[in-house]
Amino acid sequence: METKRYIRKSVLKMRDELSEHERKDKSRRILEKVMQTSSYKEADVILSYVNFKSEVETEGLIAEALKSGKRVYCPRIDKEDMEFYRILGMDDLTVGYKGIREPMPKGECLLSGRDMSVQKCLMIMPGSVFDRERNRIGYGKGYYDRYLERYPQLPTVAVCFECQLVERVPAEAYDIKPDMIITETDVYKGNTAKE
């Protein structure tokens, strides 16, 4: 079986080859679908990655969530850990880990497990490769798997371009599937996902 590293490399090459126009258009279509889900509509809190390189662009979704009064938290990497910090706008982000824009680590802005237990949350997560069974290959560091291990009740929607889907992802026992994957053309969901 092909290794995760090989699959990741070949799929990311395809994603990188999308034109800027294609990426923007497909990102807009994906995010419109995300915002139509009841998981998004009912959430008070959105945990969203900040797009980097050729990823599905999340800035429009972040801006829309903030405008509609939702609280938005973005990830920050600190060595082996990932935590989410509240932002009030894109200006709250600075270049951090591997050139990715991240929020400043202000203690009062940190999203805690207690916060999550009393608020309706939704995580918008990235990934490099997916299959239709919702198996996922991340970027190789396991940040999202470890975070979701700590908060297994957190509803998750992964966003990707259709070109990032393969027939079968080699999954490990510790890999955590998103509840739903949304591409520009389709929605793939498990039994627990709310559309």
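Counting only DSSP beta bridges whose two residues both lie in the range 4-189, roughly 55 percent are antiparallel. Extension gain, LYS13-TYR97: 0.36 nm per intervening residue step, less the Cα-Cα distance, totals 28.1 nm. How many nm separate the modelled label positions at MET35 and GLU20, each set 7 Å beyond the Cα in the direction of the Cβ? It is 2.3 nm. When +1 charges are put on Lys and Arg Cβ atoms and -1 charges on Asp and Glu Cβ atoms, the dipole computed for the chain relative to its Cα centre reaches about 140 debye. Can you tell me how the chain classifies by the Cα gyration tensor, rounded, prolate or oblate, using a/c under 1.5 as the rounded cut? Cα axes put the chain in the rounded bin. Sorting 67-80, 22-35 by their mean Cβ neighbour count within 10 Å, with the most densely packed peptide first, gives 22-35, 67-80.
Suppose R0 equals 35 Å. What FRET efficiency, 1/(1 + (r/R0)^6) with r the Cβ-Cβ distance, do LEU66 and TYR174 give to the nearest 0.05?
0.55
Among the listed pairs LYS26/LYS141; LYS4/LYS120; LYS24/LYS177; LYS4/LYS41, those whose Cα-Cα separation exceeds 30 Å are LYS4/LYS120; LYS4/LYS41. Toward the positive end of the charge dipole of the chain, with +1 on the Cβ of Lys and Arg and -1 on the Cβ of Asp and Glu, the farthest Cα among LEU31, LEU111, TYR188 is that of LEU111. Given R₀ = 25 Å, what would the calculated FRET efficiency be for MET104 paired with TYR139, taking r from the Cβ atoms and rounding to 0.05? For MET104 and TYR139, the calculated efficiency is 0.65.
Shape verdict for the range 1-115, please, from the Cα gyration tensor: rounded (a/c under 1.5), prolate (a/b greater than b/c) or oblate. Cα axes put the range 1-115 in the oblate bin.
Give the calculated FRET efficiency between SER117 and VAL187 to the nearest 0.05, with a Förster radius of 35 Å applied to their Cβ-Cβ distance. For R0 = 35 Å, the calculated efficiency reads 0.80.
Bear in mind these aren't lab numbers, they're just calculated from the coordinates by the rules spelled out. What you see is a predicted model; the values in this text were computed from it and never measured. Neighbour counts are summed over all protein chains in view; Cβ atoms, including those assigned to glycine, are modelled from backbone coordinates with ideal geometry.
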